[in-house]
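Student: The structure follows.
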Amino acid sequence: MISASNEYALECVINPQKGHLKVSGTIIIPATEESAFFILNRGLRWTKTVRRTASGYQSITAYKTDIVAVPKFYHGDLWTFDIQNSQQDEFVLEIEYSGQIHPPAKDSHMPAMGYIKRDFVELACYSAWYPVPFNMETNMSFELACEGPDDWTWEANGKLQNVEKNNGTAVWSWKQTKPVNDIVVLGLPKRDAHLDEESLFWGPRDLVGSHKVLDTSAREMKKLLEDWLGPRDTSDSVRFVITPRKMGGAYARTGLIVVGGGYSTDTILRKPVLQSMCHEICHDWFCKASVRTYDNWLDEALAEYCSIMITDDYLNEGFLESHVEKTMQLLEKQGNIPAIRSLTRDQEEAYAAYYFRGFLLLHEISEKIGRIEFRKMIGEFAQICAKNRDITTDMFLEFIEENSKTKIIDTAKNWLDFEGVGIPLSI
C-alpha cells in the first residue's frame, strides 16, 4: 500500500433533466510497481485518457478487465492503465468521460446509491461516478467544480470555495485538503430545498421539515461524543443530508452524513433513531479501517458501541442493557453467520457480523476490563484513529491489552474466528 494520497481535480457538468454527466480533470497518483486500477460506472464512457510527463503528453488506453471481482457495493466496471515501471515519483492522468449513471445489476440485490434525476442528484463512490481507486491508496484530496442549473443548490464533502453564475448555470467549487475516502456530490432545486443555516439537516423540504425536532438532541449528543472521544477528524460542521431514496441506509463522509429517506420522528422510535444518528457522527473518528478487509468490522463496531453508550448516557433509561439483549436476539435470528475475519464489507452477512457480533464483542471486552476503564481507553484510541491514516484490528487489540493489563487478545480472536449462531462460548 502506498503511503501518499491521490489528488483529484475534477470539473463536472450535471444535467438533471437528461440524467447526464460529463467530467474532465486530472488525477495524480503516487508511483507504483503495479498497474493502476479504477472503478467507473457502467454507464460512463472514456473520451480522453492522457498521461502527462515532464517531456510532454502520452496517450494511454484504458482497458476493462475482470482480473479481480469488483465489490458489489460499487456499481461499475474495473479499468486499468498500463502506467507501471516508471522512474517518476508520480503519475499524472488527464481524463474525460461522460454518460449516464447506471443502477446496479438486478441480480446484485444492491440498492441504487447513486443517481441523477430531475428532482435530486446523489453521487458517491458507490455509483463510481468518478474513477474510484481500487488497488492503490484509496484516500484522496480533491478540488471539485460542479456546473448545474442556476436554480439548484448543492452539497459536497469539501469546503465550499465559491459559486459563480453564468447564463442559466452555476458552478459550485469545493476543496478538500485532507485525505478522504470519497467524493460526494448532492443537489436539488432550490424551490424544493430545506435551507436553514441553523439546522443540521439539508435536503427536500417535504422530507427534512419534520426533522427539526431532532436538531437539539443531535447537537447535544455530538457534544457528549466530543467530550468523550476528543476532537473530531474534521473541522467541518456535522450536516445530515436527507435523500429521497428508500433503500441503502446512511453513510458518513467527513462531517457529511447522507441518509436515505430520513429518520422517523415518531416518539416511539426516538431511542433507536438517536442511536442511529449518533452512530453516523461516530464515523468522524472511526473511518480508517480498510473496506476491503475484515478490519472494517472495527469501524462499525466502535461506532455502534460508542453511539449506544452515548445514547444510554443521554437518555439514562437503561438503553445499554436493553440494546445488548435486543442485539443478541437479532443476531441469533440471522442463523449461521460466518466468522468476522472471513468477511468483507460487500458480503451479505457482513452487516450482522460487524454490527451485531462486533458490538457484542466490544461489550464483552468492556465487561472483562470494566466499563469505566474501557471507555477511557476507547477515548484514547479515538484520537489514535483521528491522527492515523490506517487502523487495523491488531492495532486496536494490542492497544487495549497493553493499556488495560488484561489478556483480551485471545478472547477477541475467539470471537473473530467464530462461525455459527449467536456468539462463541467464553474461553
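No value in this document is a laboratory result; all are computed from the given coordinates. Worth saying up front: this structure is predicted, and the values here are computed from it rather than measured. Cβ: placed from backbone, ideal geometry, glycine included. Neighbour counts: every protein chain shown.
Student: What's the extension gain from R219 to K333 if we count 0.36 nm per residue and subtract their Cα-Cα distance?
Tutor: So the extension gain works out to 37.6 nm.
Student: Further, regarding this structure: Summing Lys, Arg as +1 and Asp, Glu as -1, what charge do residues with Cβ under 10 Å from the Cβ of P104 carry, P104 excluded?
Tutor: Residues near P104 contribute +2 overall.
Student: Between the range 397-415 and the range 340-374, what is the separation of their alpha carbon centroids in Å?
Tutor: For the range 397-415 versus the range 340-374, the Cα centre distance is 13 Å.
Student: Starting from the Cα-Cα distance between T53 and K106, subtract it from 0.36 nm times their residue separation and give me the gain in nm to one decimal.
Tutor: 14.9 nm
Student: Can you tell me which aspartates and glutamates have their Cα less than 16 Å from the Cα of K326? Leave out same-chain residues fewer than eight positions away.
Tutor: E304, D312, E317, E364
Student: Pull out a ≥ b ≥ c, the square roots of the eigenvalues of the alpha-carbon gyration tensor of the range 285-427, then state rounded if a/c is under 1.5, prolate if not and a/b is larger than b/c, and oblate in the remaining case.
Tutor: In terms of gyration-tensor shape, rounded.
Student: Classify the range 6-191 from the C-alpha gyration tensor, please: rounded if a/c falls under 1.5, else prolate or oblate depending on whether a/b exceeds b/c.
Tutor: oblate
Student: I've got another one for you. ³J(HN,Hα) across the range 294-307 via Karplus (A = 6.51, B = -1.76, C = 1.60, θ = phi - 60°), whole Hz, x for Gly/Pro?
Tutor: Karplus-based 3J(HN,Hα) across the range 294-307 equals 5, 4, 4, 4, 5, 4, 6, 5, 5, 5, 5, 4, 5, 5 Hz.
Student: Let me ask something else. Does anyone have the angle between helix 358-369 and the longest principal axis of the chain? Alpha-carbon axes, 0 to 90°, nearest 10?
Tutor: The angle comes out at about 40 degrees.
Student: Calculate the FRET efficiency for V13 and D410 from the Cβ-Cβ distance with a Förster distance of 56 Å, rounded to the nearest 0.05.
Tutor: Once rounded, the FRET efficiency stands at 0.50.
Student: If R₀ is 41 angstrom, what is the calculated FRET efficiency for the pair H20 and E348, using the beta carbon separation as r and rounding to 0.05?
Tutor: Computed FRET efficiency for H20 and E348: 0.80.
Student: Residues with beta-carbon under 12 Å from that of E147, excluding E147: net charge, scoring Lys, Arg +1 and Asp, Glu -1?
Tutor: -1
Student: Then there is this: Based solely on its DSSP helices, what 222 nm [θ] is calculated for the chain when runs of n ≥ 4 H residues each add -39,500 (n - 2.57) and the sum is averaged over all residues, nearest 500 deg cm²/dmol?
Tutor: So the calculated ellipticity at 222 nm is -9000 deg cm²/dmol.
Student: Can you tell me which aspartates and glutamates have their Cα less than 18 Å from the Cα of K178? Leave out same-chain residues fewer than eight positions away.
Tutor: Straight-distance partners of K178: E7, E137, E143, E155, D233, D236, D284, D390.
Student: Take every DSSP beta bridge whose two residues both sit in the chain, then give the antiparallel share in percent to the nearest 5.
Tutor: Here the share of antiparallel DSSP bridges comes out near 85 percent.
Student: Separate question: So what is the relative contact order of the range 94-158, in percent, for Cα pairs below 8 Å that sit 6 or more residues apart?
Tutor: 18 percent
Student: Compute the distance from the alpha-carbon center of the range 1-80 to that of the range 106-148, in whole Å.
Tutor: About 12 Å separates the Cα centre of the range 1-80 from the one of the range 106-148.
Student: Using only Cα atoms, find the angle between the long axis of helix 393-404 and the longest principal axis of the chain, and express it within 0 to 90 degrees, rounded to the nearest 10.
Tutor: Between the helix axis and the principal axis of the chain, the angle is about 40 degrees.
Student: In whole angstrom, note down how far apart the Cα centers of the range 212-261 and the range 282-297 are.
Tutor: Their Cα centres are 17 Å away from one another.
Student: Now for a separate question. Subtract the Cα-Cα distance of D266 and E317 from 0.36 nm times their separation in residues, and report this length gain in nm to one decimal.
Tutor: 16.6 nm
Student: Right, here's the next one. Which order do Y115, Y130 fall in if you start with the one that has the fewest other Cβ atoms within 10 Å?
Tutor: Least crowded to most crowded, the residues run Y115, Y130.
Student: What is the chain's relative contact order, in percent, from Cα pairs under 8 angstrom and six or more apart in sequence?
Tutor: Contact order relative to length: 12 percent.
Student: Apply the a/c threshold of 1.5 to the C-alpha gyration tensor of the range 91-175 and tell me whether it is rounded, prolate or oblate.
Tutor: oblate
Student: Next question. Where does each of L224, L10 land when they are ranked from fewest to most other beta-carbon atoms within 10 angstrom?
Tutor: Least to most surrounded, the residues fall as L224, L10.
Student: Which order do peptides 35-48, 289-302, 406-419 fall in by mean Cβ count within 10 Å, highest first?
Tutor: Output ranking for 35-48, 289-302, 406-419: 289-302, 35-48, 406-419.
Student: Here is a follow-up. If we count every other residue with Cβ under 15 angstrom of K72's Cβ, Lys/Arg +1 and Asp/Glu -1, where does the sum land?
Tutor: Spelling it out: positives minus negatives among the neighbours equals -2.
Student: With a cut-off of 8 Å between alpha carbons and a minimum separation of six or more residues, what is the relative contact order of the range 196-283 in percent?
Tutor: That works out to 30 percent.
Student: Continuing with this model, one more query. Round to the nearest 10 and give me the degree value, 0 to 90, for the angle of helix 371-387's Cα axis relative to the longest principal axis of the chain.
Tutor: That helix lies at roughly 20 degrees to the long axis.
Student: Go ahead and run the numbers for FRET between D77 and D192, Cβ-Cβ distance against an R0 of 25 Å, rounding to 0.05.
Tutor: After rounding, the FRET efficiency stands at 0.15.
Student: Within the range 339-417, how many Lys pairs that are eight or more residues apart, or on different chains, come under 17 Å at the alpha-carbon?
Tutor: Lysine pairs, 8 or more places apart or on different chains, close enough: 5.
Student: Take every DSSP beta bridge with both residues inside the range 6-191 and express the antiparallel ones as a percent of the total, to the nearest 5.
Tutor: Here the share of antiparallel DSSP bridges comes out near 90 percent.
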